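We did not get these values from a lab; they are worked out from the coordinates using the rules stated. Note that the coordinates shown come from a computational prediction; the quantities given were computed from them, not determined experimentally. Reconstructed Cβ throughout: ideal geometry from the backbone, glycine too, with neighbour counts over all protein chains shown.
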There are 2 protein chains.
Amino acid sequence: MAKAVLTPQAENFPAWYQEVVARAELAENGPVRGTMVVRPWGYAIWELMQADMDRRIKETGARNVAFPLLIPTSFLEKEKQHVAGFSPELAVVTHAGGEQLAEPLVVRPTSETVVNHYFARWIQSHRNLPLMLNLWNSVVRWEMRPRLFLRTTEFLWQEGHTAHATSADAAAETRRMLEVYRAFMEETLAISVVAGEKSPAERFAGADHTFTCEALMRDGKALQMGTSHNLGHNFARAFDIRYLDGDGERRLVATTSWGTSTRMVGGLIMVHGDDHGLRLPPTIAPHQVVIMQLDEEDEAAAAAARIEAELRAAGVRTHLDARTHTSFGRRSVGWELKGVPVRIELGARELASRRATVVRRDDRSKTPVPLDGAARAAADLLEEIQQGLLTASRTFREEHTHPVTDFGEFTRRVGDGGLFLAAWSGAEGSEQALGQDTGATIRCIVDADPPAPTCLVTGRPARHAVLIGRAY
Amino acid sequence: MAKAVLTPQAENFPAWYQEVVARAELAENGPVRGTMVVRPWGYAIWELMQADMDRRIKETGARNVAFPLLIPTSFLEKEKQHVAGFSPELAVVTHAGGEQLAEPLVVRPTSETVVNHYFARWIQSHRNLPLMLNLWNSVVRWEMRPRLFLRTTEFLWQEGHTAHATSADAAAETRRMLEVYRAFMEETLAISVVAGEKSPAERFAGADHTFTCEALMRDGKALQMGTSHNLGHNFARAFDIRYLDGDGERRLVATTSWGTSTRMVGGLIMVHGDDHGLRLPPTIAPHQVVIMQLDEEDEAAAAAARIEAELRAAGVRTHLDARTHTSFGRRSVGWELKGVPVRIELGARELASRRATVVRRDDRSKTPVPLDGAARAAADLLEEIQQGLLTASRTFREEHTHPVTDFGEFTRRVGDGGLFLAAWSGAEGSEQALGQDTGATIRCIVDADPPAPTCLVTGRPARHAVLIGRAY
C-alpha cells in the first residue's frame, strides 16, 4: 500500500490539520509569531467566500465603508467592559514619523469605538436610522496560542456595525444577521451549524447579548464560526449617540455589531477534510472541475479543450491541467489535497474508447462516461456534491450530540468529543466551575426545554438548555 | 441667481476639493491626523474600481494573496535604499499583548521586504518562475501634509510583486503593468494619462527603474496615479532569492512591484469634477442612472418602477429616488454633487404628456423624451458620457502641455500650471536645482526627442525629453 499522503485524522488530528494547510498551499506562518501568509489557493477560497457573504450583507441594506486601522487609546477607554476585554490583546503604536506619539495608538482589534464615534456625528434624527455599515479589513489581537486560520494575531474579516431607533430594532438586526450567517454557512460552506445565544462568560466585551453559529469539527471539538452582538445602549451611552425622535425628544440609539473571519476557512478544512486532504464545496472551489489531460497528443489536447470550453460556457469554474510531463500520481494527489470537487481524466486509452473518467472528490469514486457527455456529467455532480457535504456535516453533528443529565457521566465522556445537551441554571460561577473541571465551555444556549429539571453543573433549578463541548 | 453649492474651482481649488469630498459624502478625516474614513458613496466607487482593476491584474496571470500587516524591523533593514527611503514615514509597534516587544514591528508601508522573504522560500527552480502575486490591503506612511484621498497616513491599495528568471522578463513585466494601469485609467476612469519613466530623484526606494502614469488636474497640477517598479536584483540580493536554471546554475531572480491606490479617487474628483460637484464616468458610478419620481401618485410610482425595471434588465445600475417629501432642488443638487451620470425626472406634468426628462450630468443638458423610450435613451447616453469625459480630459491635458526651451520663460509660466515639455541633461543635482527654483518636479521622461539641444535647467547637452510641473 502506498504511503499515506497525510498523517491520518484518527492518528493525530492537529498534525493532519497542519499538514493539509501546508500541502494544499493554503497558508503558512508569517514572520511575526501568530501572523499568517495566505497563499493563492487559500486566498481564492476566501475571495469566493467574501463575494458570497458580501452579496448577502448588501441585501440586508448595509453598505460597505472603510475606517482607519489606528485608533486613539482614549477611544477604547470610553466603554469600560470593552477596554477590559481587549486590553490584554492590543498591539500599540508608540512611535511614528520618527517621533514618540503624544497619545499611543492601538492597531484595531475591532472597530466599535471608532465607528460609534462617527455614528455620533452622522446620526441627528430618526431619519438617519437605521444606519447599517459593513467593513472588510483585518484586525490584530495578540494571541498566545496561535494556529493558522483558527487563531491568528492578525486575521481578515468583515465587521458590521448598525444603529437603530429602538432596542427592539437592534434585537431584530442581531437575530437577522445571525440568520444571514447561518444560511451562508449551510448554503455556501455546506457546514451545518447550531445558532444560539452565548452565555455571559462567552459574551463579546461590551455586549448585552452575543449570538453565535457553532459548528462541530471532525475531531469532536466545536468551532465558533461567527457572532452577532446586541450592544444595547452601551456604546451609544459611551459615545453619546442620540437622535431626535418624531416627538422632538433626544433618545439614545441602540447598536449592534457582527463578524465573520478567515477562521471559517479553518472550519471548512476541519468539517469537510479527510485523510486525502481538503474537500471543497463547489460553491467556493476556485476550480470546480479540473480536466487532467494525460497524454500530449493533439487529439487529447483537442478533446480536453473542447470539454473545457463546454464547462466554461455552462458557468463552471474550470482548470485545464496539461502538465503531461509531471507524473499522474503527483497531479492527482495535488488536486485531491487541494479539494477540487470533480476531476475529468482524459488520456489516449480513454480517447480510444471515446470515453473520459469522471472522479468525485467527496467519495473518490471513478466513473467512465462518454466523451460527449463528460462536461455535463461533471457539471451535474456539483450540486449533488454540495448537498452531500452539507448532509454529511449535519449527520455528523447530530450523531455527536449527546443529551447528558449526570455530571459524572459527562466528565467521563467529554474527552471523546462531541456536543452535550444539558440543563443549566445560569448561576454565577457555574461556567467557571464547568471549565475548570472539564476543559469544556457552554457553546450556546439552545431554543429547547432543559433536558433535566436541575442544572448539570450546580444541581440548582434548570433555566436553559445548553450545548457544552470542548472548542477551538 | 442661486447661491453656488460649492466654492467655484476658479476661486479656490483646494476649498472646492474639500467641499466636494465632504458634500458628496465621499470621505472625512479619521480621528488620528492624516487618516481617513471612506463613506458609502466613496467606498462604492472604490469597490467598482477594485473589481475592474482586479480583473485586469488577474488576466496577466497574477494571483491574489494576503501578507501580514506587521513586519519585523530587521526585514526593512535588509535593503539599504529601501529602509533609508521609508524610515521617516514608519509607524512602529513597540508593545503588544501587554509587554514590550523584543524587536519593534513596523506597520507595513509597502510589502516588498516580507514578500521577498517568502519568495526566497517558494522559489527553488526555474519552474517556479515567473511568480506573480497581488495584494489588496492598506499601508501606513506617516504624512506631514495629509489631504483626503491624495495623501493620507493610511491608504487602501493593491500592490503587485513578481519574480522572474531574467532581467529582461522583469523589465517586460514592469512595462506590461504600466500599460495595464494606463489602460485602466483611460478606459475605466476616463482619465487621459502620460506614461513614462521617473527620474532618479523620484524613483521608488530600492528600484532600478520606476515608471509612472501622470494625470493633469483641473487646477493645472499633476498627480502621480500609479507606479510600476523594476527592482532589478536589489531585493533578490538582499533576501537571497535564487533559482536553479536549466543548466543547474543557481541564479538571482529579478523582481518587480507595482501599485495603485485610493489616491486615484482624488484624481477622479480633480479631473472630472466641476463647480456643481463630482462627475463620475459611468463605468464606476455606483448609480449610473437615478430615476427621480417627483410626485407620489400611483401613476408616477408605476411609471418610475417600469423604467427602473427596464434599466435593470439592461444591466444598468439604477436607483429609484422616491423621496417625494424632500424638495426637488435638494434632491437634484444631491445627485449632481455625487456625480450620477444620468437622471430621469418623472412627475405629474411629464406623465400628462407621456414624457420624462433625461438630464445629463456632464453638460447638465435636459431633454424631454417619450416615456416608452426613457430607459433606452438614458442607457444609450452612458457610453457617450464615458467617451466625452475621456476626450475632455485628453484635450485639457494636451492644451495645458507646453514645450519650453527657456528657463526664464518656464519660471514665469510654471505658476499658471500645466505640464512643460523640456530637454533635460540627466545631470546629478539638476533635479534639485529645478525644484528649489520653481517648486516643480520632473513628472516623467517621455518617449520623444528632446525639444532642444541643451538642458532647460543646466544648459548641458540634452539627453531626454521630460514633462515638468507642480504636483500633488
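Quick one: 3J(HN,Hα) in Hz for segment B:425-438, Karplus 6.51/-1.76/1.60 with θ = phi - 60°, rounded, Gly and Pro as x.
7, x, 5, 4, x, 5, 5, 5, 4, 4, x, 4, 7, 10
Looking at segment A:282-396, send over the antiparallel percent of its DSSP beta bridges, to the nearest 5.
So the antiparallel bridges amount to about 50 percent of the total.
List the residues whose amide H sits under 5 Å from the amide H of A:Gly273, counting only those 5 or more places along or on another chain, with H placed 1.01 Å from N in the peptide plane.
A:Arg279
For segment B:245-253, take each phi angle, set θ = phi - 60°, evaluate the Karplus expression 6.51 cos²θ - 1.76 cosθ + 1.60, and give the result in whole Hz per residue in order, putting x for glycine and proline.
7, x, 9, x, 8, 8, 10, 6, 7
From the label point of B:Asp372, set 7 Å along Cα to the beta carbon, how far off in nm is each other copy's matching point, shortest first?
The projected label point of B:Asp372 is separated from its counterparts by 4.6 nm.
Sort out for me the Cα centre separation of segment A:51-123 from segment B:398-472, rounded to whole Å.
45
Rounded to the nearest 10 degrees, what's the angle between the helix A:167-187 long axis and the longest principal axis of chain A, both from Cα atoms, 0 to 90?
10
7 Å from Cα along Cα→Cβ at both A:Gln124 and A:Ala84: what's the point-to-point distance in nm?
Distance between the two pseudo-spin positions: 3.7 nm.
Working out 0.36 nm times the residue gap between B:Arg412 and B:Gln387, then minus their Cα-Cα distance, what length gain in nm do you get to one decimal?
5.5 nm is the gain from fully extending B:Arg412 to B:Gln387.
Report the label-to-label distance for A:Glu179 and B:Thr401 in nanometres (one decimal), using points 7 Å from each Cα along the Cα→Cβ vector.
Spacing of the two 7 Å Cα→Cβ label points: 5.8 nm.
If you average the alpha carbon positions of segment A:343-373 and of segment A:325-341, how far apart do those two centres end up, in angstrom?
Going from one Cα centre to the other spans 15 Å.
Quick one: go through segment B:146-164 and flag any residue whose amide nitrogen is under 18 Å from the point 7 Å out along the Cα-to-Cβ line of B:Glu47.
Backbone N within reach: B:156-158.
Determine the dipole magnitude for chain B: charges of +1 sit on the beta-carbon of Lys and Arg, -1 on that of Asp and Glu, nothing else is charged, the reference point is the Cα centre, and the result goes in debye to the nearest 20.
300
Rank by packing, highest mean first: peptides A:234-247, A:265-278, B:322-335, with packing defined as the count of other Cβ atoms within 10 Å averaged across residues.
Those peptides, ordered most packed to least, come out A:265-278, A:234-247, B:322-335.
Order by neighbour count: B:Lys58, B:Lys221, B:Lys366, fewest other Cβ atoms within 10 Å first, most last.
Fewest-to-most Cβ neighbours within 10 Å comes out as B:Lys366, B:Lys58, B:Lys221.
Which order, highest average first, do A:297-304, A:180-187 follow once you tally other Cβ atoms within 10 Å for each residue and take the mean per peptide?
For the peptides A:297-304, A:180-187, the packing ranking is A:180-187, A:297-304.
Tell me whether segment B:323-391 comes out rounded, prolate or oblate; compute the Cα gyration tensor, take square roots of the eigenvalues as a ≥ b ≥ c, and use a/c under 1.5 as the rounded threshold.
Oblate is the answer for segment B:323-391, as a/c is 1.5 or above yet b/c matches or exceeds a/b.
Using only the Cα atoms of segment B:13-272, build the gyration tensor, take square roots of its eigenvalues as a ≥ b ≥ c, and label the shape rounded, prolate or oblate: rounded if a/c is under 1.5, else prolate if a/b is larger than b/c, else oblate.
In terms of gyration-tensor shape, oblate.
Would you mind checking which residues have amide H under 5 Å from B:Ser125's amide H? H placed 1.01 Å from N; only 5 or more apart, or other chain.
B:Leu244
Pull up the DSSP beta bridges for segment A:401-469 and report the antiparallel fraction as a percent, rounded to 5.
DSSP beta bridges in segment A:401-469 are roughly 80 percent antiparallel.
With θ taken as phi - 60° and the coefficients 6.51, -1.76 and 1.60, list the Karplus ³J(HN,Hα) couplings across segment B:275-289 in order, rounded to whole Hz; mark glycine and proline as x.
Values per residue, Gly and Pro as x: 5, 9, x, 6, 10, 8, x, x, 3, 10, 7, x, 10, 7, 10 Hz.
Against the 2.2 N^0.38 Å scaling, with N counting residues, where does the protein assembly as shown land? I'd like the Cα-based Rg ratio to two decimal places.
The value comes to 1.01.
So what's the angle, to the nearest 10 degrees on a 0 to 90 scale, between helix B:328-338 and the longest Cα principal axis of chain B?
20
Among the listed pairs A:Lys338/A:Lys366; A:Lys221/A:Lys338; A:Lys58/A:Lys78; B:Lys338/B:Lys366, give every one whose C-alpha distance is greater than 20 Å.
As for pairs spanning more than 20 Å Cα to Cα, those are A:Lys221/A:Lys338; A:Lys58/A:Lys78.
Amide H of A:Leu231: which non-local residues (sequence gap of 5 or more, or other chain) have their own amide H closer than 5 Å, using H built in the peptide plane?
A:Asp208, A:Thr255, A:Thr256, A:Ser257
Let me confirm one metric for peptide A:66-79, namely the mean number of other chain beta-carbon atoms within 10 Å of its residues' beta-carbons.
Rounded to a whole number, the mean comes out at 5.
To the nearest Å, what is the center-to-center distance of segment B:292-321 and segment B:198-221, using C-alpha atoms only?
45
May I ask you to derive the FRET efficiency for A:Ala302 and B:Glu187 from their Cβ-Cβ distance with R0 = 51 Å, giving the value to the nearest 0.05?
That pair, A:Ala302 with B:Glu187, gives E of 0.90.
Relative to the longest principal axis of chain B, what angle (0 to 90°, nearest 10) does the C-alpha long axis of helix B:298-313 take?
Helix B:298-313 sits at roughly 30 degrees to that axis.
Ranked by Cβ crowding within 10 angstrom, fewest neighbours first, how are A:Val194, A:Val140 ordered?
Going from least to most buried by this count: A:Val194, A:Val140.
Please label the shape of chain A as rounded, prolate or oblate, based on the square roots a ≥ b ≥ c of the eigenvalues of the alpha-carbon gyration tensor (a/c under 1.5 means rounded; beyond that, a/b larger than b/c means prolate, else oblate).
Prolate shape, in that a/c is at least 1.5 and a/b is the bigger ratio.
May I ask you to list the aspartates and glutamates whose Cα is less than 15 Å away from that of B:Lys80, ignoring any residue fewer than eight positions away on the same chain?
B:Glu112, B:Asp208, B:Asp240
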